[in-house]
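Q: Have a look at this one.
The values are calculated or read from the model by the stated rules, or taken from the named source; none is laboratory data. Because the structure is a prediction, the values reported are computed rather than measured. Cβ placement follows ideal geometry from the backbone for every residue including glycine, while neighbour counts extend to all protein chains displayed.
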Amino acid sequence: MSLAEKLLTPLKNILNELYSSDLDESTIQLQKTRKDFEGDITLVVFPFLKLSKKGPEQTGAEIGEKIKAELDFVEDYNTVKGFLNLVISNNYWLSVLDEIQGVENYGTEHNTKGRWMVEYSSPNTNKPLHLGHLRNIFLGHSVSEILQANGHPIVRTQIINDRGIHICKSMLAWQRFGDGETPETSGLKGDKLVGKYYVEFDKALRVEVSDLLQKWAAGDFSVGESAKEEYERLSAAAAEKEDDKARKGIEGKIKELVTNQTPIMQEAKEMLKKWEAKDPEVYALWEKMNGWVYSGFDKTYKTMGVSFDTLYYESNTFISGKEMVEEGLKKGVFYQKEDGSVWIDLSDEGLDEKLVLRADGTAVYMTQDIGTAKNRMDDYADLNGIVYTVGNEQDYHFKVLFLILQKLGYEWAKNCYHLSYGMVDLPTGKMKSREGTVVDADDLMQEVIDKAKEMTQERGHIEGMDEAEKEALYRMIGLGGLKYYLLKVDPKKRMMFNPEESVDLNGNTGPFIQYAHARICSLLRKADQLQGIDSSLDLHVSEKELIKQLADFPEITAEAAKEYSPALIANYTYDLVKMYNSFYQSVSIFKEENEAIKQMRLHLSQMVGRVIKTGMQLLGIEVPERM
């Protein structure tokens, strides 16, 4: 029970007795005392001025005197304008430390609540995982851990985007340029090999786009005759525009028109149709190349330390989605245009019209997402809801998805949540998969591990470790730094990533926190068996602040689950470590002559170590005992 919770009922009784009233608990506002005032918790006095018929200072003093007289753990009080600051006794804080010491898995919820499914990663099978995926995966994994710590059974899942035009691009490029290359013959991980041909497709496409643009500009429509009229209309419109932005917008539409008419793009579209028709040759190639990718992904996930309970494949769920579209068409939820495409009109809800099935009958992302959601709810009847960990460029998509599901009559759609997060930028600019300018996840993880190795070897402190232990430590520090760096920022915010900073031992970094845990472990190894805590001791201000911070941990984990925000855990843990370092520098532990004080400080250190470890585990980060 938190201090605020412990105070609530006594405060209500005291206020009712003072003012002969029957106050609602909602009028009792308690908050942490500001650091520039003496006190541990503050009561906002303004709501009681009508009852007291006195000014804020007099009312605060009146209430404070009554509280001090009746509650033995309130040692003193002071009033600052309309705020009553209460000073809580050392005895209370020592009893708190003693209490939380005895709680197994302190900070986590022991009562089982509703089951949640968390979707994260969900890659395309046409390229390897990159830096953007890392933020997604670490965020989804951490949110899963946080929800589980709050009593929710979790189903970790991903939707494998294994079909679509982007997959066909890699397949077609491999057919044209691959010469039978395989992961074994090339020495490349399977996902990287397939990603190589996605880039090759784009190179070939650019050449064809440039060639076709020149031909059309010269009046040669031997390729793309059906687009001639639209091209001429757009070209005339562009020529009339004096505004650069408007003209470039039309030129972009021209380029899109040309792109869709290139032979290589037409061939990719034809391959997609064949795949949906399960053409034996196309389907066999798709299975082979996807197999390469899955093998590569598995190695990357193992390095990351993440896993999934169940997988869904777009190649399966799009079929369910198409069936749901047909059903919705009959019910009038969707409508069909003259070209045969199927749409939904959401203009009454402030959105627009959304395509759910192409004119040629092939599915779009929305089709498979509708089917996936229904399949998941069918598979797990006890699901409380689904958390979709997807970047904020898809905000609109998920608004539409959840609304479509509701219109199809699924009440559970109201419990679907889009965990929207900002993109990750690099000092060198935005990443582009089809141009091959992404930061590869495997390469980045190896880079931070190598930096951690270099840093650790420079600092020493690894004497007595064998090579396997050293390598495990380098990996722990490197990946811990990477995960922490990507999770400490509020998920909603866009962020800049710097590999060098992520493994720095100073500042708000993972290694800084890991080092504090290792220091505490070293300290406890030197200690004799711990004894009980003497509740009559005086506390140094750094000790009191540290206990108060520890007492906040359950509230922080609950808030992190409510907000789906690992950043709350990360920054709480960083603040805890800063406080511990201040405590460690302010008082002596082993040189302390009073055995009871020494024991209390060891207990306090032990509890800080436990909370650091739990907090970092909620972020998916391991902490070393030596560093």
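Q: Given the criterion among the hydrophobic types (A, V, I, L, M, F, W, C), touching a helix residue (DSSP H, G or I) at 6+ places or on another chain (Cβ under 9 Å) and under 19 Å from Tyr380 (Cα atoms), identify the matching residue among Ile160, Ile165, Ile137, Ile146.
A: Of the residues listed, the single one that is among the hydrophobic types (A, V, I, L, M, F, W, C), touching a helix residue (DSSP H, G or I) at 6+ places or on another chain (Cβ under 9 Å) and under 19 Å from Tyr380 (Cα atoms) is Ile160.
Q: Inside segment 266-286, can you point out the residues that are closer than 15 Å to Arg176 by Cβ and crowded, with 20+ Cβ neighbours inside 10 Å?
A: Of everything in segment 266-286, those that are closer than 15 Å to Arg176 by Cβ and crowded, with 20+ Cβ neighbours inside 10 Å turn out to be Ala268, Met271, Val282.
Q: Pairs, please: C-beta under 9 Å, at least 6 apart or cross-chain, first residue touching a residue at least 24 places away in the same chain (Cβ under 8 Å) and in segment 537-551, second surrounded by fewer than 17 Cβ atoms within 10 Å (Cβ to Cβ) and among the acidic types (Asp, Glu)?
A: From segment 537-551, the pairs are Gln549/Asp575.
Q: Turning to a different aspect of this structure: Of all residues in segment 539-591 being farther than 22 Å from Glu109 by Cα and basic (Lys, Arg), which is modelled with the lowest pLDDT?
A: Checked segment 539-591; the qualifying residue modelled with the lowest pLDDT is Lys591.
Q: Still on this structure: Please identify the pairs in which a residue from segment 256-279 that is in contact (Cβ under 8 Å) with a residue 12 or more places away in the chain has its Cβ atom under 7 Å from the Cβ atom of a residue that is among the hydroxyl-bearing types (Ser, Thr, Tyr) and part of a helix (DSSP H, G or I), counting only partners at least 6 apart or on another chain.
A: Leu257/Tyr231; Met265/Thr259; Trp275/Tyr283
Q: Oh, and also: Please verify whether Leu51 is more than 11 Å from Phe83 (Cα to Cα), buried (at least 17 other Cβ atoms within 10 Å of the Cβ) and not assigned by TED's automatic domain parsing to the domain that holds Ala551, treating the condition exactly as stated.
A: When the stated conditions are applied, Leu51 does not pass them.
Q: I would also like to ask the following. Can you spot a residue in segment 46-68 that is of a type in the set (D, E, K, R), assigned to a loop (DSSP other than H, G, I, E, B) and closer than 26 Å to Lys548 by Cβ?
A: no
Q: I'd like the residue in segment 327-370 that is more than 16 Å from Leu408 (Cα to Cα) and basic (Lys, Arg) and, out of all such residues, is surrounded by the most Cβ atoms within 10 Å (Cβ to Cβ).
A: Arg358
Q: Still on this structure: Among the residues that make up segment 519-533, is at least one of them closer than 18 Å to Gly102 by Cβ, touching an Asp or Glu at 6+ places or on another chain (Cβ under 8 Å), crowded, with 17+ Cβ neighbours inside 10 Å and touching a residue at least 40 places away in the same chain (Cβ under 8 Å)?
A: The answer is yes, given that some residue of segment 519-533 is closer than 18 Å to Gly102 by Cβ, touching an Asp or Glu at 6+ places or on another chain (Cβ under 8 Å), crowded, with 17+ Cβ neighbours inside 10 Å and touching a residue at least 40 places away in the same chain (Cβ under 8 Å).
Q: Ala570 - would you say it is in a helix (DSSP H, G or I), within 25 Å of Ile137 (Cα to Cα) and in contact with a His (Cβ under 8 Å, 6 or more places away or on another chain)?
A: no
Q: Scan segment 589-621 for residues that are of a type in the set (Val, Ile, Thr) and not in a helix (DSSP H, G or I) and report the count.
A: Total meeting the criteria: 2.
Q: Search segment 569-597 for residues being aliphatic (A, V, I, L, M) and surrounded by fewer than 21 Cβ atoms within 10 Å (Cβ to Cβ), and hand back the single one that is farthest from Gln529 (Cα to Cα).
A: Met579
Q: When the residues of segment 69-112 are filtered to those that are aliphatic (A, V, I, L, M), part of a helix (DSSP H, G or I) and not assigned by TED's automatic domain parsing to the domain that holds Arg34, which remaining residue is surrounded by the most Cβ atoms within 10 Å (Cβ to Cβ)?
A: Ranking the candidates gives Leu94 first.
Q: Can you tell me which residue among Val356, Val387, Val333, Val306 is assigned to a loop (DSSP other than H, G, I, E, B), at pLDDT 95 or above, assigned by TED's automatic domain parsing to the domain that holds Met423 and under 30 Å from the mean Cα position of the chain (by Cα)?
A: Val306
Q: Please list, ordered by residue number, the helices (runs of 4 or more DSSP H) wholly in segment 153-230 having 3 or more residues that are buried (at least 16 other Cβ atoms within 10 Å of the Cβ) and in contact (Cβ under 8 Å) with a residue 12 or more places away in the chain.
A: 165-177, 190-217
Q: So, one more: So which residues in segment 465-480 are more than 16 Å from His141 (Cα to Cα) and within 21 Å of the chain's Cα centre (by Cα)?
A: Met476, Ile477, Gly478
Yes or no, residue by residue, for (1) of a type in the set (Lys, Arg); (2) within 25 Å of Glu200 (Cβ to Cβ); (3) assigned to a loop (DSSP other than H, G, I, E, B):
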position	(1), (2), (3)
Leu234	no, no, no
Glu242	no, no, yes
Glu251	no, no, no
Lys255	yes, yes, no
Lys278	yes, no, yes
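Q: Within segment 145-188, work out how many residues are under 22 Å from Phe297 (Cβ atoms) and out of contact with any Gly (no Cβ under 6 Å at 6 or more places or on another chain).
A: Adding up the residues that qualify gives 30.
Q: Within segment 277-299, can one find any residue that is farther than 28 Å from Met377 by Cβ, over 26 Å from the mean Cα position of the chain (by Cα) and at pLDDT below 95?
A: There is at least one residue in segment 277-299 that is farther than 28 Å from Met377 by Cβ, over 26 Å from the mean Cα position of the chain (by Cα) and at pLDDT below 95.
Q: If you take the residues of segment 586-627 that are among the basic types (Lys, Arg) and in contact (Cβ under 8 Å) with a residue 12 or more places away in the chain, which of them is nearest to Ser522 (Cα to Cα)?
A: Arg626
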